[in-house]
Amino acid sequence: MLTTYQNHLIAMKENNDAALKEIVRQKYAEIAEQDPALNAASCCGSGPVSQKVYKIMADDYTQFDGYAAEADLGLGCGLPTQFAQIQKGNVVIDLGSGAGNDCFVARHETGAEGKVIGIDFTDAMISRARINAEKLGYNNVEFRQGDIEAMPVNDNVADVVVSNCVLNLVPNKRNVFTEIFRVMKPGGHFSISDIVLLGELPEHLKEAAEMYAGCVSGAIAKAEYLGLIQEAGFENITLQKQKAIFLPDDILEKYLSAEEIASFRADESGIESITVYAEKPGIDIAIEIVEANASDYTEVVGLLRSECLPTEDLNPELSHFLLARAKGVLVGAAGMEVFGTDVLLRSVAVRKDFRNYRIAQRLTNDLVKQAKLSGIQDLYLITTTADSYFEKQGYSRVVREAVPTLIQSTLQFSSLCPDTAITMHRNIEKPLVKLTDIQASCCTPDSGCC
């Protein structure tokens, strides 16, 4: 029988996202009931406690208005609310809200007329935070249980997003930044404190389950972290604060030999806490429609998978594909497969946070124009969720048997889309004009009006 610790090690080595999240969930359920002094003297409350350094990562919140001691668990690696530029009446979202520490500081800034939403996926943390909010009498601070990779929040809600030493705990950080972009209002901004790496960690430290939950092993390179923010579509990315994190020898020696510690100290590698600010562009953002090429393949696959669309049969050349970009960032895609005078319209995808810009309509309209110029007569598609949308664009439902055989034989129809998917058709052939109709109109060569 494998121990829990052994299972954690296996998860670390296999980089199993679900198992890694479970490590964090279990550990932070323990931390919710743990002495804050122990949390401060360890790496985010996880692993061995240092007898030499009292505060390894956490900063002092006691100086801030809105501070509630019962919500301060001694966690975190920065002071994001200090730099968050929260205004009265703002809607603020705190990612990984714990017992509510940053939420209550944010509540002081946004006031009774604003709103604060804390998101955490640990039952014990949510319970503790709600009790604290009730004690403080805050009826505009709420705590929602959920995964910050799929937040229980609608699009374009937050003026400000804050987070303190949480994203390093999430296996897929790209998804989190995409979600932050989605829930943030156009023109909104975030201030996030997190742990990043300078160089490489020693292998034994990477493989330590406690150090994953301790905000160390799950951290990524600083340049990569900032790159993910840019890829998500944010602008004006600014480092508001940087500080080195020193791991005491009495913690490192639990995982590394004396020689490995000496090598780690001598190397230029290290751990750093950063507080980073970035803005979501305003609503005047320009959307550019461009033709795709092979170099866009990886980006397109990522977008399609994020929207649960099949990619197994996607041609790497991306022939007959159009892309929508906002300041260079991929926000939409659509393509077609050509079979003589018939076309299969496929892979129509738009990022959730860009669905108010009519991007799908622009992409499909431009594809239809291309199809008409190429002599295409009939368009077909198969969908599980967008039938109402395409009906408004002139498509009608048809039985699968009415679809041309070549299109029926594609993977989209034969295996990738479920039997319950709806098949649709649109004819775009130019209608034939009778000679008598032309002669009867005013605009004939002899009519004098042309």
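Each value in this text was obtained by applying a stated rule to the coordinates, not by laboratory testing. Treat the numbers as computed from the prediction; the structure is a model and nothing was measured. Please note: Cβ atoms are built from the backbone with ideal geometry, for glycine as well, and neighbour counts cover all protein chains shown.
Structure values in brief
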item	result
Cα-based shape type of region 258-375, given that a ≥ b ≥ c are square roots of the gyration tensor eigenvalues and the cut on a/c is 1.5	prolate
Candidates per trypsin sites (Lys or Arg not before Pro) in region 227-287, loop by DSSP, up to 14 other Cβ within 10 Å	254
Kirkwood Rh in Å, taken over region 298-441 so that all alpha-carbon pairs contribute	16.2
Zero-based 5 Å bins, Cα pair distances in region 70-182, whole percents	2, 13, 25, 26, 22, 9, 2, 0
Prolate/oblate/rounded label for region 355-396 (Cα gyration tensor, a/c 1.5)	oblate
GluC sites (Glu not before Pro) restricted to region 248-303 and DSSP loop, no more than 12 other C-beta within 10 Å	268
Volume per residue that the Cα convex hull of region 334-404 spans, once the total is divided by residue count, Å³	88
Alpha-carbon centroid distance for the pair region 264-332 / region 345-413, whole angstrom	23
Region 320-329 - phi-based ³J(HN,Hα) in whole Hz, Karplus 6.51/-1.76/1.60, Gly and Pro as x	6, 10, 10, 10, 10, 10, 10, 6, x, 8
Interchain or long-range residues, amide H under 5 Å from residue 161's placed H	93, 189, 190, 191
Inter-site label distance for residue 147 and residue 131 at 7 Å from Cα along Cβ, in nm	2.8
Loop-located GluC sites (Glu not before Pro) in region 93-194 whose Cβ has at most 15 other Cβ within 10 Å (DSSP)	113
Length gained when the stretch residue 366-residue 338 is fully extended (0.36 nm per residue, less Cα-Cα span)	8.6 nm
Sites residue 287 and residue 260 - FRET efficiency at Förster radius 56 Å, r taken between beta-carbons, to 0.05	0.65
Efficiency of FRET between residue 411 and residue 139 - r from beta-carbon atoms, R0 51 angstrom, step 0.05	0.45
